[in-house]
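The values are calculated or read from the model by the stated rules, or taken from the named source; none is laboratory data. Just so you know, these numbers come straight off a predicted model, no measurement behind them. Don't worry about glycine lacking a Cβ; one is built from the backbone with ideal geometry, like all the others, and counts go over all protein chains shown.
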Amino acid sequence: MNRAFSIRSGNSKSSNNSGGNRMPGFGLNSLRGTVQPELSKKLFKLIKSENNLVTAHETACRERISIATQLSEWGEQTGDDGLSDISDKVGVLLSEIGEQEDSYAHALDDSRSILKAIRNTEKSVQPSRDSKAKITDEIQKLKLKEPQSARLVVLEQELVRAEAENLVAEAQLTNITRQKIKEAYEAEFAATIERAEKQIILAKHGRRLLQLLDDTPVVPGDARPAYDTATQAQARQVLNDVEDDLRDWRPDSESFDVAPSYTKGEKDEIDDAKEDSTKQIEEKADA
């Protein structure tokens, strides 16, 4: 957990040094991405939305830590030793829950970066699609205007080359897309599990802390039993246990077999189809 046993700062001066909010500057970078190839528009929008999600979890982290600090400071000013100590230690756990949000935000940002590889590949494929479509359109127009034109032969040869280039680009796109989509969301799901399991650890120990706070009703005029050193030691031990549990946490080593199963005949058909496709690409590229 790498955190002190108290969240209190000693005074509230630090709250006045936040630096304030600054308006983002306007420049050429703010225009980047406003014009996207048709093929990559949807993924560009998704990646942008993911960035908003990252920001939301970073904000949740800051808010959680702020609330934890306020709880601790409130408990201190109550003058109740037991309430002061428990609220401070609960604040420590709440703050650590906030830190888990920040770690999760970083993991989401890493996952988002993986998706950019698909977007960049989509952007690189778009020109080959456009080139093929443009040549096809020229051929159709020329056939209507000058069906005997010698340029038709040239255009048809260019179309064969464009189709071969596009086949290679499309194959690369589908390969990268499948690989990176699995990689991106495997990382996100792993981070989601880590965040959830660590926050469960923190919440369970938080409930242990609350059990140490005596809430037995007192009769007016009677004094509540003092918050003794033994209870203080138990509260401190809870934080030690939290630190140990978080340090010892490990992700599950379970793996999922999602590969489709084929009969031998089906596998042979797939392999034959792959070979035929490869030959067609090579023949068109050599033409």
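Points to keep in mind about this one:
- Of the candidates ALA226, ALA162, ALA184, ALA150, the single residue that is modelled with pLDDT of 95 or more and among the small types (Gly, Ala, Ser) is ALA184.
- Enumeration of residues in the stretch 167-187 that are over 30 Å from GLU50 (Cα atoms) and without any contact (Cβ under 8 Å) to a residue 60 or more places away in the chain: none
- Checking GLY91 against (1) surrounded by 17 or more Cβ atoms within 10 Å (Cβ to Cβ); (2) in contact (Cβ under 8 Å) with a residue 40 or more places away in the chain; (3) touching a Lys or Arg at 6+ places or on another chain (Cβ under 6 Å), the condition it does not meet: (3)
- Residues of the stretch 146-182 satisfying the condition of being over 46 Å from the mean Cα position of the chain (by Cα) and among the β-branched types (Val, Ile, Thr): VAL153, VAL154
- Residue match in the stretch 227-249 (condition: exposed (fewer than 10 other Cβ atoms within 10 Å of the Cβ) and either touching a strand residue (DSSP E or B) at 6+ places or on another chain (Cβ under 9 Å) or assigned to a loop (DSSP other than H, G, I, E, B) (or both)): no
- Flag if ALA190 is in contact with a Pro (Cβ under 8 Å, 6 or more places away or on another chain), touching a residue at least 60 places away in the same chain (Cβ under 8 Å) and in a helix (DSSP H, G or I): yes
- Residue count for the stretch 35-74 satisfying the condition of being touching a residue at least 24 places away in the same chain (Cβ under 8 Å) and among the basic types (Lys, Arg): 2.
- Within the stretch 86-139, tally of residues that are over 30 Å from GLU197 (Cβ atoms) and among the hydroxyl-bearing types (Ser, Thr, Tyr): 5
- Flag for LEU159 being surrounded by 15 or more Cβ atoms within 10 Å (Cβ to Cβ) and more than 30 Å from LEU173 (Cα to Cα): no
- Among the candidates GLU163, GLU158, GLU197, residue that is in contact with a Lys or Arg (Cβ under 9 Å, 6 or more places away or on another chain) and not polar (S, T, N, Q): GLU163
- Residue check, GLU197 touching a helix residue (DSSP H, G or I) at 6+ places or on another chain (Cβ under 7 Å) and surrounded by fewer than 18 Cβ atoms within 10 Å (Cβ to Cβ): no
- Condition met for GLN232 (in contact (Cβ under 8 Å) with a residue 24 or more places away in the chain, under 16 Å from SER95 (Cβ atoms) and of a type in the set (S, T, N, Q)): no
Residues are listed down the side, and each one gets a yes or a no for (1) crowded, with 16+ Cβ neighbours inside 10 Å; (2) not small (Gly, Ala, Ser):
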{"position": "ASP80", "(1), (2)": "no, yes"}
{"position": "SER111", "(1), (2)": "yes, no"}
{"position": "ILE114", "(1), (2)": "yes, yes"}
{"position": "ARG119", "(1), (2)": "yes, yes"}
{"position": "LYS132", "(1), (2)": "yes, yes"}
